[in-house]
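Asks: Structure in structure tokens, see below.
The values are calculated or read from the model by the stated rules, or taken from the named source; none is laboratory data. These figures come from a predicted structure and were not determined experimentally. A quick note on method: Cβ atoms are made from the backbone with ideal geometry, for glycine too, and the neighbour counts reach across all protein chains shown.
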Amino acid sequence: MLVLGIETSCDETAAAIVRDGREILSSVISSQIELHKPFGGVVPELASREHLEKIDPIVEQAFKEANVSLDEIEAVAVTQGPGLVGSLLVGVCYAKALAFGLDIPFIGVNHIEGHVFSVAFENPPTEFPALALIVSGGHTNIFYIPKAGSYKVVSRTRDDAAGEAFDKVAKMLGLDYPGGPIVERLAREGDAGKVKFPVAKISDGRPDFSFSGLKTGVSRYVRENNISPAAPDEVPSQAIKDLCASFQTTVVKSLVGTLEKLARRLEPKTLIVAGGVACNQALQTAMRKAAENLNLPVYFPSKHLSTDNAAMIAAAGNFHLEQGERANLQMTADVTMRLQNLENEDAQLRIKKVRYRL
Ligand code: KG4
Ligand code: ZN
């Protein structure tokens, strides 16, 4: 089956054509990083306007690069949520109109499930049960996946997502947006033992994440040690490099430690690490080591497929289409869409007053 995937949930306009959920014929991404850079984060209104401008040429380019004509695709898969409402609506309306015009099925895909499927391309087939850490600018979750399409959330962040913490710490240190890749580069020249930040422990003992305390820790260290943020076009100081390394090590320790603990308890057959932060090499190295200790395979997406893309959306859509699922024309963007269809504990957690921001 040839599926056109469309992704517009945040600041990337992307289209891809994928065969049978495993073979990428084309994957085109137009990033809005430069547009949002001066603001240090994504400006929703600007993002939706840019998606509107880019969606048609990007889809056209995806067809051209795949050497496929419109009437050859058999279905359209589009990110339905979570994300920014204006951005999501551009993709959803476009996908609906195209599928209606071509008289082919279409399906709404959960963006986070898309990240889970991003490892479907350059890795052996996933063996279930799997344990997936999805770690990006918007999400930090661990899912237990007993079989394809079934998700139980076993860990989430109580406050910031890990990628968001990278971005905010970078901003504090006068570094560009998005902060993740820059912090990683500077951390290579820094001493991770210079500052000891503790890994946050959740008081009720749940295996959840918290990164806002670490962010405050970095901010306090900057203030108390009179570290000046890097000025534009200036080589960042050694103190900044050391802070980047110390911060990154703490995030990696938290992510790897929690995944390892849950893997020992839940005994999966495969580990998956995906999302924008998954291309961090320090994280990959530590995860590989943990997987080796656990005697489990760990799959990462390649760099192109770690950050937001439409190939992963086509792959997830392909799976649901194969299950016979179809969206109807009433389908619309779902800003707070959850990926949880197994033993949902939300009501119980609310009673216990456990609060999650994301
Ligand atoms: O998956 P993604 O493109 O968008 C979301 O769905 O959020 O992830 C973007 C996030 C940003 O916060 C960015 O700073 C982070 O991924 N990121 C990294 C690296 N590359 C991107 N974080 C740490 N190390 C990296 N190399
Ligand atoms: Zn994403």
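Asks: Sort out for me the helices (runs of 4 or more DSSP H) sitting completely within segment 269-358 that have 1 or more residues that are closer than 19 Å to T8 by Cα and in contact with a Gly (Cβ under 8 Å, 6 or more places away or on another chain).
Replies: 303-306, 311-322
Asks: May I pose another question? Conditions: (1) away from ligand 1 (no atom under 16 Å from the Cβ); (2) out of contact with any Lys or Arg (no Cβ under 6 Å at 6 or more places or on another chain); (3) at pLDDT 95 or above. E122 meets all but one. Number of the miss?
Replies: Against the list (1) away from ligand 1 (no atom under 16 Å from the Cβ); (2) out of contact with any Lys or Arg (no Cβ under 6 Å at 6 or more places or on another chain); (3) at pLDDT 95 or above, E122 comes up short only on (3).
Asks: In segment 88-110, how many are farther than 18 Å from A62 by Cβ and within 15 Å of ligand 2 (Cβ to nearest atom)?
Replies: The qualifying residues number 2.
Asks: Sort out for me the helices (runs of 4 or more DSSP H) sitting completely within segment 1-107 that have 3 or more residues that are small (G, A, S).
Replies: Helices (runs of 4 or more DSSP H) meeting the threshold: 44-66, 85-102.
Asks: Only one of these is exposed (fewer than 13 other Cβ atoms within 10 Å of the Cβ) and under 20 Å from F121 (Cα atoms): K352, K303. Name it.
Replies: Just one listed residue meets the conditions, K303.
Asks: Now for a different question. Against the condition of a type in the set (S, T, Y), over 23 Å from N328 (Cβ atoms) and in contact with a His (Cβ under 6 Å, 6 or more places away or on another chain), how does T13 come out, does it pass?
Replies: yes
Asks: How many residues does segment 169-188 contain that are near ligand 1 (Cβ under 9 Å from one of its atoms) and either modelled with pLDDT under 95 or assigned to a loop (DSSP other than H, G, I, E, B) (or both)?
Replies: Count: 3.
Asks: Another one. I'd like the residue in segment 158-167 that is within 12 Å of ligand 1 (Cβ to nearest atom) and either surrounded by fewer than 21 Cβ atoms within 10 Å (Cβ to Cβ) or in contact (Cβ under 8 Å) with a residue 60 or more places away in the chain (or both) and, out of all such residues, is nearest to L339 (Cα to Cα).
Replies: Among them, the one singled out is A161.
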